[in-house]
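Structure record follows, encoded as structure tokens.
We did not get these values from a lab; they are worked out from the coordinates using the rules stated. Treat the numbers as computed from the prediction; the structure is a model and nothing was measured. Reconstructed Cβ throughout: ideal geometry from the backbone, glycine too, with neighbour counts over all protein chains shown.
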Amino acid sequence: MNGASAVRRTGRRPESEHSKDGCRRIPLASAWAAATAAVVLAACGTGRGTSTPAGAVVASLQAPLATTLPTPSGDWAVIAMGNLSDPLNTFWQLLFRPAGGALWSLVTPRGVASNGGLVVAGGNPAPLTVGIEPSNNLRFSPLAQSPDGGHTWSPGLVPGALAPVPDALAAAPTGALMALVARGGGVLRSDGDPSTWTKVTDRGALATSKAGRSCGVGALSAVGFQPAGGVLVGTTCMKPGRVGVFVRQGGVWRLLGRDLPGRTPTRQTSVVRLAATRGGVAGLVVSTKAAGAALIGIWDTSGHGQWELSPALDIAPRAALRSSGFTPGGGIVVLTGDRGARPGLELVGGPGSAWQSLPPPPVDTATVAVAPDGGIDALAAHSTMLTVWHLDTTAGTWDKIQTMDVPIQFGSSA
């Protein structure tokens, strides 16, 4: 794609309510309203409650909702657009690039305000599930599922507000879902109907378990599935050097995360990403120290909690994690730095690999996606304009390959 001319796409969708196969597309707003009355939540008595929000990760540890997710059908990206200094005029968007394709399309589900943010979970062969973070007076999180790259969507909902973390949703190949709910809601599970949920655990129950006490659980920060279907919960660990990845086996929670090596004292750690990959499970840990923080990739390719760690990637005290994503091979890609400056772009390919610094992408880059062939796209957002840049690895430069004017109705959330 080196030297490719800019391709302009409007990103506007037809007003017809019929899909390409002639089936009527149900407006999600109406479907969600009808589904609200059908929500079933069966509390399983999982321990003492807590006033600590399930997703309330310490600010310096928090991972943003700007993410990319590779799936066999293609790559997905979540970014914020509009007026980012005004929450009511910030609108999160979902983008999709089909496998083997070069261009991105806008596939954000319609029917509910996206000001609060979006989180995505992709199963294989389960459909992609999008969770809408609550905003304004919304007290639950609508869901939308698509089996066809965002052409059609069906509704569901979580009977509570999803935690504001990128892996507040997880999907298993069987279609099972897990949701991390804020304000003490804990972890919920759905086994088929995305509007019917049972409670798995909460922060209080996990923190008071034997495994939780060995970590010093501070907050729940991510959920995931093992390849065989085991439920994973990532947490903040207040005990220095411990990594909080928990699995429930035989009705008992076990701590799978291994201790961080080295003599550098850590204040606390947080598992900010967990995702199923082609080779097992991958995650991203933030470790805070007296002089800033570090990012550490973790992988379990055994399926039995035998984690391998990347070297630590140090982050300057005033820098931030701006975006994170996974590669098709199970690697991790991150953007770091201060807003308003060109971000740093770092990639680690997997177990045994070191972090690799790549040429900094343009200033407005919101997130970065890695294709199966290793090609890297930077998705940059400025108000309503999306620009896609492709990295020319030979020249070390970024070439503009696509622009898209995203239709945003400012003031519609006031």
Worksheet item: Under a straight-distance cross-link criterion of Cα-Cα below 17 Å, which aspartates and glutamates are reachable from Lys210, leaving out those fewer than 8 residues away in the same chain?
Response: Asp202, Asp259
Worksheet entry | Label-point separation in nm, Arg110 to His382, each point 7 Å along Cα→Cβ | 2.9
Item to complete: Can you tell me the dipole magnitude for region 64-405 around its Cα centre, using point charges on the Cβ only (Lys, Arg +1; Asp, Glu -1), in Debye to the nearest 20?
Response: 1340
Discussion item. If I stretch the segment between Thr397 and His304 completely, what's the gain in nm (0.36 nm per residue apart, minus their alpha carbon distance), one decimal?
Written reply: 29.3 nm
Worksheet item: If r is the Cβ-Cβ distance from Val252 to Leu88 and R0 is 45 Å, what FRET efficiency results, to the nearest 0.05?
Response: 0.50
Response to the item:
One finds, for Thr174 and Ser357 with R0 = 41 angstrom and r their Cβ-Cβ distance, a FRET efficiency to the nearest 0.05 of 0.60
Practice prompt. Would you mind counting up the charge near Gly330? Only other residues with Cβ under 14 Å from its Cβ, with Lys and Arg at +1 and Asp and Glu at -1.
Written response: 0
Discussion item. Can you classify region 99-198 as rounded, prolate or oblate using the Cα gyration tensor, where a ≥ b ≥ c are the square roots of its eigenvalues, rounded means a/c under 1.5, and otherwise it's prolate if a/b beats b/c and oblate if not?
Written reply: oblate
Worksheet item: Roughly speaking, what is the stretch gain from Arg183 to Ala102, that is 0.36 nm per residue apart minus the C-alpha to C-alpha distance, in nm to one decimal?
Response: 25.1 nm
Item to complete: Quick one: order Ile332, Ile296 by neighbouring beta-carbon count within 10 Å, fewest to most.
Response: Ile296, Ile332
